[in-house]
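The values are calculated or read from the model by the stated rules, or taken from the named source; none is laboratory data. Model, not experiment: these values are computed from the prediction. As a convention, Cβ positions derive from the backbone with ideal geometry for all residues, glycine included, and neighbour counts pool all protein chains shown. The protein model used for the area step is the full one, side chains on, heavy atoms only, and it has no ligands, DNA or RNA in it. Shrake-Rupley method; radii C 1.70, N 1.55, O 1.52, S 1.80 Å.
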Amino acid sequence: MTQLTEHSLVQGGRSAAFATACVRGGVAAGLGAGALAVLVIVAWIGSPFPDSGAGGALHLAAGLWLLAHGVDLVRTDTLSGVPATLGIVPLLTAALPVWLVFRTARSTLDPADASRPRPSPAGALGAVCGGYLLVAAVIVVYSESGPLPADLITAGLWLPGVVLGAAGAGVWTALGRPLPGREEAAAALRGAGTGLVTLLAGGAVLAGTALVWHAGAARASYEGLAGEWSGRVTLALLVLALLPNAAVWAAAYGLGPGLVLGTGALATPLGLVGDPAVPPFPLLAALPPVGRGGWPQWAAAAVPLVAAVALGRSVGRATGTGRARETALAALGAAWASGAAVAVLAGAAGGPLGSGRLLAFGPVWWQTGAAAVLWGVGVGLPTALAVRAWGRREPRVGQPRIPKPPERPKRPKAPEPAVAAAGAPAAPPAAPEQPDPAGRDLDLSLDDEGYEPYDYLPAAWETPPLPPTPGTEPPRPSGTTGADGSEPGAPV
């Protein structure tokens, strides 16, 4: 009975956690839509010529929220009467909904109170996505009665994909960001992330440089579109929301495929061909002029080059201890992964901007992704192999030089002895030097300068008398008499 009660409580706790996660997903969708609605209502209130009431502003907010998820909008009130499709996603507006879904999924599996029950990772993913998509379906139905209804086909494709991807990233983060078990797979993911971040950062620098270069044209376009202060603020917010798009456009331009500026017009580093259908907008003033490109346009190729080198360096350092085959496979995987990410971003940053010639505007997603893969394979793969080889080299260990022993100073030569007088006995030969048993080299020869015998001999010893010279009488002791009894010194 106790076991049944505990089992029912656990099931009830899991069900409550699942329902809570579903509610959290719906709240995340409501917060994102509400934030955009507040901005649109503020802009509508500050507009001196509002064309519609508050209902129109709310419909516009709903359309912008769907557009942030990649859903195409259809303009029905065109001058020609032909519906025009709007499919370019302001990537900065997409950051808020994506972050809300990500944070909700992560917090569902990482509660503050560890004793509370929580759903499984798959259950949390399904609950958060389900609650979010329920609110999204209501917003899609509501937008159908406004001036910017949603395209139902893209709403059924892009909207669930974006929500599922953001929620999956949140669950992965809550589980500790696990990577595949194989070393080359983890290295490929890290390398792809490094290359993608470097490519986007370089694209942002390239776009900013182009805007500064064409600052006069951008300012003229900005002042021509917005007259009142409220219009200038709204246009500034729109430009800010499209800045990430400009970074993706610049990266696609440097990769090689370039940008499609309407049907029949293409801008690449080699030049701009065709007749571009460019509407007046401050960011579009940074586009290159018509004609063959020069060195400023060719310099854009440095962006993908640096990104590919960064990708290969990351992979080479991560797989430096493995074989060359593993490094090559990791570099190829990183190139394909980064190419897929670039293709998704290019597809979101570009798309239709109207009808007629404006049906294609921005980078072509599959061409941009293929170019990113080629840069990764052509530059990233050799870089990874070179970094691996450089890291595995064996440094040369120099042999320590043995210092030479100091040379023993030479003793000065002793002066040649004077020739002995005739009849003088020869000096006895010098005794050979005996080595010191304690290992000391004592040289006590008389040839050394400054030698004094009393430094070594006892003071009581006396110098022996010299031998008498032949033909001379030896000296007599003092106070004695001679043989004849005379005193010394008396005359004979």
Return the only residue of Gly320, Gly271, Gly316, Gly264 being touching a Lys or Arg at 6+ places or on another chain (Cβ under 8 Å) and closer than 28 Å to Leu238 by Cα. Gly264
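In the range 304-330, which residues are assigned to a loop (DSSP other than H, G, I, E, B) and surrounded by fewer than 22 Cβ atoms within 10 Å (Cβ to Cβ)?
Residues of the range 304-330 that are assigned to a loop (DSSP other than H, G, I, E, B), as a first pass: 319-323.
Gly320, Thr321, Gly322, Arg323, listed by residue number.
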Quick one: in the range 194-245, of everything that is in contact with a helix residue (DSSP H, G or I) (Cβ under 9 Å, 6 or more places away or on another chain) and not in a helix (DSSP H, G or I), which residue is farthest from Ile41 (Cα to Cα)? His214
Within the range 181-232, restricting attention to residues that are open to solvent by less than 30 Å² (accessible area, probe 1.4 Å) and of a type in the set (S, T, N, Q), which residue is farthest from the chain's Cα centre (by Cα)? Ser230
Give just the number: which of (1) of a type outside the set (Lys, Arg); (2) open to solvent by 20 Å² or more (accessible area, probe 1.4 Å); (3) at negative phi; (4) at pLDDT below 90 does Leu266 not satisfy? (4)
Test of understanding: among Ala250, Ala241, Ala207, which residue is in contact with a Leu (Cβ under 6 Å, 6 or more places away or on another chain) and either closer than 23 Å to Ala371 by Cα or modelled with pLDDT of 95 or more (or both)? Ala250
Among (1) without any contact (Cβ under 8 Å) to a residue 24 or more places away in the chain; (2) surrounded by 21 or more Cβ atoms within 10 Å (Cβ to Cβ), the one test that Gly156 misses: (2)
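Restricting to the range 68-105, name every residue that is farther than 23 Å from Leu134 by Cβ and among the polar types (S, T, N, Q). Talk me through it step by step, then tell me what you get.
Initial filter on the range 68-105 (farther than 23 Å from Leu134 by Cβ): 74-88, 90-92.
Those that are farther than 23 Å from Leu134 by Cβ and among the polar types (S, T, N, Q): Thr76, Thr78, Ser80, Thr85.
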Which condition breaks for Leu58 when tested against (1) open to solvent by 40 Å² or more (accessible area, probe 1.4 Å); (2) of a type in the set (A, V, I, L, M); (3) modelled with pLDDT of 90 or more; (4) closer than 30 Å to Pro119 by Cβ? (4)
Run down Leu92, Leu100, Leu67 and say which single residue is within 17 Å of Ala43 (Cβ to Cβ) and either under 32 Å from the mean Cα position of the chain (by Cα) or outside any helix (DSSP H, G or I) (or both). Leu92
Could you list all residues from the range 331-355 that are aliphatic (A, V, I, L, M) and part of a loop (DSSP other than H, G, I, E, B)? Leu353
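So is Gly333 farther than 17 Å from Tyr253 by Cβ, open to solvent by less than 40 Å² (accessible area, probe 1.4 Å) and not hydrophobic (A, V, I, L, M, F, W, C) or not?
Values: farther than 17 Å from Tyr253 by Cβ: yes; open to solvent by less than 40 Å² (accessible area, probe 1.4 Å): yes; not hydrophobic (A, V, I, L, M, F, W, C): yes.
Answer is yes for this residue.
So which of Ala215, Ala286 is under 21 Å from Pro296 (Cβ atoms) and either at pLDDT 90 or above or basic (Lys, Arg) (or both)? Give the derivation first.
Details: Ala286 fails: either at pLDDT 90 or above or basic (Lys, Arg) (or both).
None of the other options fit; the residue is Ala215.
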The listed residue being touching a Ser or Thr at 6+ places or on another chain (Cβ under 7 Å) and either in a loop (DSSP other than H, G, I, E, B) or touching a residue at least 60 places away in the same chain (Cβ under 8 Å) (or both), out of Val135, Val128: Val128
For the range 76-89, how many residues are part of a loop (DSSP other than H, G, I, E, B), out of contact with any Pro (no Cβ under 6 Å at 6 or more places or on another chain) and open to solvent by less than 40 Å² (accessible area, probe 1.4 Å)? 3
Before we move on, is Ala301 open to solvent by 20 Å² or more (accessible area, probe 1.4 Å), closer than 26 Å to Leu240 by Cα and within 21 Å of the chain's Cα centre (by Cα)? yes
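Sort out which residues of the range 139-151 are closer than 19 Å to Ala94 by Cα and assigned to a helix (DSSP H, G or I), and write them in order of number. I'd like the intermediate steps shown before the answer.
Narrowing the range 139-151 to residues closer than 19 Å to Ala94 by Cα: 139-140, 143, 148-151.
Ile139, Val140, Ser143 - these are the residues of the range 139-151 that are closer than 19 Å to Ala94 by Cα and assigned to a helix (DSSP H, G or I).
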Restricting attention to the range 105-113, does a residue exist that is touching a residue at least 12 places away in the same chain (Cβ under 8 Å), touching a Pro at 6+ places or on another chain (Cβ under 9 Å) and either of a type in the set (A, V, I, L, M, F, W, C) or part of a loop (DSSP other than H, G, I, E, B) (or both)? yes
Residues (within 24 Å of the chain's Cα centre (by Cα), closer than 25 Å to His69 by Cβ and open to solvent by less than 60 Å² (accessible area, probe 1.4 Å)) located in the range 159-180: Ala166, Ala169, Gly170, Thr173, Ala174
